[in-house]
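The block underneath contains the structure these notes are about, expressed in structure tokens.
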């Protein structure tokens with residue numbers, strides 16, 4: 001698969017897609033966007049199936065719509081959560097790979113434009129464009145400010161919700177996922193198998209070993225969870241101090257992760273599945289088949305949404 005990460009797929013896992021529970025799948029299409037950013041867009045790249053794909057990688061929910069970043073046509077697509085209807089596609093920067101809803105806006109990290117855009121959800125209009133580091137590809141909100149993981153410059157940028165640059169702070173190699181937990185920012189360092197804990201002022205509070213190829217991070221109560229893409233596992237830490245609380249096996253290519261208030265959901269890119277985990281003991285409660293090559297996951301209050309890189313779609317299922 002021509003993945004953004006250029007990561008090979010590994011072999012075995014717990015439950016393959018053909019043995020998993022079904023999800024509803026909504027095609028996104030590969031056409032260019034209709035937003036207000038201007039400029040040309042192109043219609044996709046090729047996945048393993050040989051069909052055109054716009055490369056959906058990121059998802060976010062704004063209270064009404066699920067947003068999907070389709071990186072290979074430089075757009076974000078808006079899907080109405082209530083019925084799955086496509087309700088707009090909007091041009092943003094080059095290679096949008098991360099999304100976040102915070103401060104009443106959708107935030108988009110544009111990997112090749114080295115910037116972050118603030119989008120008005122009701123119209124899809126760009127309300128602001130702000131410089132980040134080299135290769136912005138992860139986003140988080142600490143309740144006050146926006147944090148951006150810069151994959152190529154090995155640091156994170158802190159922005160106000162108005163876009164003011166509040167500082168840049170060094171972390172590990174190729175920072176990917178971010179989450180706010182235990183009054184700290186947790187950063188998955190994909191190329192050095194670690195997670196960095198930062199204070200909200202940017203000071204390093206700790207650096208902890210994880211599995212191979214850490215990718216996504218999620219806050220869950222007093223714990224923080226990290227997916228390991230190459231390790232087919234997730235690590236759990238105590239958010240207050242980084243104490244290791246265990247390592248738990250999941251599927252191949254563990255990528256996006258989210259906590260819905262009851263369960264953890266882990267996307268397995270290599271297996272084309274999403275797993276529901278018990279936060280109490282890390283056990284797999286259920287496995288669901290997604291589209292091809294899923295990367296990210298969002299929760300709309302009652303349903304789980306997964307973006308499918310290889311089949312240019314989103315999959316949906318009830319959370320409980």
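Just so it is clear, none of the values below were taken in a lab; they were calculated from the coordinates. Remember, it's a predicted structure, so these values are computed and weren't measured experimentally. Backbone-built Cβ (ideal geometry, glycine too); neighbour counts: all protein chains shown.
Over the range 133-299, with a single point scatterer placed on each C-alpha, what log10 of the ratio I(q)/I(0) does the Debye formula yield at q = 0.09, 0.15 1/Å?
Each listed q maps to, in turn, -0.26, -0.72.
What number, in percent, do you get for the relative contact order of the chain if the mean sequence gap of Cα pairs under 8 Å and at least 6 apart is divided by its residue count? Don't skip to the answer; put the middle values down first.
Working: 1032 pairs, mean separation 48.8, N = 320.
This gives 15 percent for the chain.
Obtain the nm distance between the two label points defined at residue 120 and residue 152 by a simple spin-label model: each point lies 7 Å from its Cα along the Cα-to-C-beta direction.
3.2 nm
Rounded to two decimals, what is the ratio between the C-alpha radius of gyration of the range 121-169 and 2.2 N^0.38 Å?
Details: Rg = 11.2 Å, N = 49, 2.2 N^0.38 = 9.7 Å.
Rg over 2.2 N^0.38 Å, computed on Cα atoms: 1.16.
Starting from the Cα of residue 21, move 7 Å in the Cα-to-Cβ direction to define the label point; list residues of the range 276-320 whose amide nitrogen is under 12 Å from there.
Inside the label zone: 276-277, 285-289, 304, 317-320.
Highest mean first, how do 53-62, 107-116 rank when packing is the count of other Cβ atoms within 10 Å averaged over residues? Don't skip to the answer; put the middle values down first.
Working: 53-62: 26.1, 107-116: 23.4.
Highest-to-lowest ranking by the protection proxy: 53-62, 107-116.
Which semi-axis lengths, in whole Å and largest first, follow from the square roots of five times the eigenvalues of the Cα gyration tensor of the chain? Numbers along the way, then the final one.
Values: eigenvalues 131, 117, 60 Å².
So the three semi-axes of the chain are 26, 24, 17 Å.
I'd like the distance between the alpha-carbon centres of the range 50-116 and the range 250-273, rounded to an integer number of Å.
19 Å
In what sequence, highest mean first, do 302-314, 137-149 appear when ranked by Cβ atoms within 10 angstrom? List each step's numbers first, then the result.
Numbers: 302-314: 25.4, 137-149: 22.6.
Top of the packing list down: 302-314, 137-149.
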